[in-house]
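Read through the structure below, which is laid out as structure tokens, and then see the notes.
Where a number appears in this text, it was derived from the coordinates with a stated rule and is not lab data. Note that the structure is predicted; figures quoted are calculated from it, not measured. Every residue, glycine as well, gets a Cβ built from its backbone with ideal geometry; the counts of neighbours run over all protein chains shown.
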Amino acid sequence: MKEYLKKLYTNDKNKYFKLLSSDLKHNHKRFIITVNPETLMMSESDNELKNILDSNYSFVPDGIAVVKAARKIGVKVTERITGIDISEYLLKLANENKYSIYLFGAKEEVIDALVNKINKEYPNINILGYSNGYVKDRDKVMKDIVKKKPDICMVALGIPYQEKLIAKYFDKVNKGIYIGVGGSFDVMSGTKKRAPKIFIKLNLEWLYRIMTEPKRLKRFWNSNVKFMFKIKK
Ligand code: UDP
């Protein structure tokens with residue numbers, strides 16, 4: 001697990017955003033993996049996910065537990081860089097530069113609401129395609145993405161499905177920022193609320209998510225709590 005913490009991006013969020021902006025300007029491709037305790041714990045029993053973490057993608061520290069664990073072993077991570085922050089930044093950047101985008105994931109009504117919102121609030125974004133995340137044939141959607149060559153591709157299917165799908169097709173594209181964004185479409189579409197600013201500032205976003213969705217408690221135990229025990233050991 002140490003080797004994965006050492007691969008995390010350590011500078012601040014704004015510097016990372018500048019990298020993304022430069023990638024898009026120069027048509028460089030990038031696969032962003034937002035690393036949290038769940039990703040790291042799952043990789044212990046999931047070889048496909050482990051292979052992804054062993055690869056040379058762009059790893060950002062998502063959860064506060066990951067930031068703290070990295071610091072504990074001397075990796076000077078500056079701050080959390082979350083999937084939703086990156087997604088919101090990419091939408092803004094795409095609107096300013098008329099970039100194209102493909103959105104894959106979440107429930108039908110959520111993706112429809114998100115597309116409506118983008119059309120209204122980010123009118124310069126060129127939406128090349130979108131699909132809800134409950135289709136039978138996920139590969140068919142990915143093949144459409146490869147064919148359409150978006151500048152930005154967001155996949156919201158949850159860990160580890162989104163990362164595995166992107167990894168399977170990433171070699172077939174030669175441009176674009178690809179990112180698995182978990183529940184970000186639910187929030188960006190306005191379907192779910194992100195934690196209030198004070199929770200985010202105090203690094204308690206995880207607590208807000210458990211309070212508002214108690215069924216997350218089991219997931220939290222299996223990922224974050226076990227992760228913290230492991231790091232202590
Ligand atoms: N999802 C999906 N297809 C599936 C299962 C899940 O599109 O078969 C979506 C789900 O609707 C949600 C996202 O994947 O929008 C996962 O959200 P979650 O909050 O679990 O992710 P987290 O942010 O915790 O990683």
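Among the residues of region 198-233, those that are more than 13 Å from the ligand (Cβ to nearest atom) and either closer than 23 Å to Ile73 by Cβ or in contact with an Asp or Glu (Cβ under 6 Å, 6 or more places away or on another chain) (or both) comprise Phe199, Asn203, Val225, Lys226, Phe227, Met228, Phe229, Lys230, Ile231, Lys232, Lys233.
Yes/no matrix, rows are residues, columns are (1) under 18 Å from Tyr89 (Cβ atoms); (2) crowded, with 17+ Cβ neighbours inside 10 Å:
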| site | (1), (2) |
| --- | --- |
| Val181 | yes, yes |
| Thr191 | no, no |
| Leu204 | no, no |
| Lys218 | no, no |
| Ser223 | no, yes |
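For the residues Lys72, Lys92, Lys7, Lys15, the requirement of being touching a Phe, Trp or Tyr at 6+ places or on another chain (Cβ under 6 Å) and charged (D, E, K, R) singles out Lys7. The residues of region 69-88 that are charged (D, E, K, R), assigned to a helix (DSSP H, G or I) and within 16 Å of the ligand (Cβ to nearest atom), listed by number, are Asp85, Glu88. Could you look through region 89-114, keep only residues that are farther than 15 Å from Val155 by Cβ and within 16 Å of the ligand (Cβ to nearest atom), and pick out the one that is surrounded by the most Cβ atoms within 10 Å (Cβ to Cβ)? Top of the filtered list is Ala113.
The condition of being within 25 Å of Lys197 (Cβ to Cβ) and either over 20 Å from the mean Cα position of the chain (by Cα) or among the aliphatic types (A, V, I, L, M) (or both) holds for only one of Ile101, Ile118, that being Ile118. Residue-level analysis places Asn56 outside the set of residues that are of a type outside the set (Val, Ile, Thr) and part of a helix (DSSP H, G or I). For region 121-165, taking the residues that are among the polar types (S, T, N, Q) and under 19 Å from the mean Cα position of the chain (by Cα), the one that is farthest from Met42 (Cα to Cα) is identified as Ser131. Every listed requirement among (1) among the aliphatic types (A, V, I, L, M); (2) more than 21 Å from Phe17 (Cβ to Cβ); (3) crowded, with 21+ Cβ neighbours inside 10 Å is met by Ala156 save one, (2).
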